[in-house]
C-alpha cells in the first residue's frame, strides 16, 4: 500500500508526458503509486505510458476507449487511488524532486488540510519564464492559508497540480462532469467550504503555459462554466461570502447574460448588483444598456 497516490491525467501530450512521468517517479519521497489515466489520446501518449509502466511497477495505467473529458478522467484516477494521501498532476506539467517530501512533512502534522505550493511558470520548451504562479495570477495580496472560501469566490488561484490531500476527501468531493473546463475551480470551492489550506511559498511545481492549455481552447465554454460556478457559490454559500464579493458575482452573471443577449435575465442580475452597490457607475451603465437592448428586441 503506497503512502501517496498520484493521479496524472493524459490527453495528446506526447511531447510533455515523459518528463512529467519522470518528475513523479523520481521524487525523493518514493513511497508512491502513479495512476496515469489516458483519455483516448490520438498521439503516441499511450505508447509512452506503456513503456514506463513496464519499467516501473509503481505506475498503473488506465486507458479510456473513447474521450470522456477531464472531469471523468480525473475522477477515474481518484477512484483508483489506494494510498491514504493523494496528489494530482496533468501530463504537461512537472514536479520538483522534493515536492512530496516537503508536503508530506506538513500534512502528517495537519492531515485535514489541503497542502499546496507556488509554481514556476515554464514555456512550451520547458524554459522558465521568470515568473511564479502567484505572480502571474496576482495572488500576492490574497489569503493562501486557512479558510479560503471567501477569497476563492472571487476567482480560482490555487495551483491544482501542487495540491496534496487525504484520499478520503476525493471519495466525497470530485470533479463536476457537467463542467467543460473550470471543473478544478468548483473542486477548489467545495474543498474550501469544508477544509483549511496550508500554503508553501516555495515553487514545487513547474506549470507549463502553451497553446494547447484548455483555457485557450473555448472561451465561450469557460465563461459558461464560470456562470454556473458563480450561481453555485451564491446558492450554497451566500451566508459565508462577504457582501462586496456577492455583488461582484451578481454583476458578472448579469454581464455574461447581457453578452449573450439574454437581456431579460441579465437585467435581474445587473439590477441586483446595482441595488447592492448603487454608487458603482459601471453597474448603472451596464444595466441601462441591457434594458435598452432588450426594449429594442
Beta bridges per DSSP with both ends in the chain, % antiparallel, nearest 5: 25
Between residue 279 and residue 196, what is the FRET efficiency for a Förster distance of 25 Å, r being their Cβ-Cβ separation, to the nearest 0.05? 0.10
Here FRET efficiency (C-beta to C-beta, residue 231 to residue 68, R₀ 30 Å, nearest 0.05) is 0.75
Between residue 177 and residue 106, what length comes free when the chain is fully extended (0.36 nm per residue of separation minus the Cα-Cα distance, one decimal in nm)? 22.5 nm
Along the Cα→Cβ direction, 7 angstrom out, place labels at residue 131 and residue 26. What is the inter-label distance in nm? 2.7
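Considering Cα pairs under 8 angstrom that are at least six residues apart, work out the relative contact order of the chain and quote it in whole percent.
About 17 percent, as a whole number.
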State the extension gain, in nm to one decimal, for the chain segment bounded by residue 168 and residue 239, taking 0.36 nm per residue of separation less the distance between their alpha-carbons. 22.9 nm
Hey, of (i) 13.9; (ii) 16.5; (iii) 15.7, which did the structure itself give for mean projected area of the Cα convex hull in nm² when calculated? (ii)
For the chain, what is the mean residue ellipticity at 222 nm derived from helices alone (per DSSP H run of n ≥ 4: -39500 (n - 2.57); sum divided by total residues; nearest 500 deg cm²/dmol)? -13000 deg cm²/dmol
Between helix 219-237 and the chain, what is the angle of the helix's C-alpha long axis to the longest principal axis, kept within 0 to 90° and rounded to the nearest 10? 80
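Given 0.36 nm per residue, what is the gain on full extension from residue 220 to residue 261 after removing their alpha carbon distance, in nm?
Net length gain for the segment: 13.4 nm.
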For the range 219-296, just say rounded, prolate or oblate: build the C-alpha gyration tensor, square-root its eigenvalues into a ≥ b ≥ c, call rounded for a/c under 1.5, and beyond that prolate if a/b exceeds b/c, oblate if not. oblate
Which FRET efficiency value, to the nearest 0.05, do you get for residue 40 and residue 292 by plugging their Cβ-Cβ distance into 1/(1 + (r/R0)^6) with R0 = 45 Å? 0.40
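Read-outs: derived from the displayed coordinates by stated rules, not from any lab. Because the structure is a prediction, the values reported are computed rather than measured. As a convention, Cβ positions derive from the backbone with ideal geometry for all residues, glycine included, and neighbour counts pool all protein chains shown.
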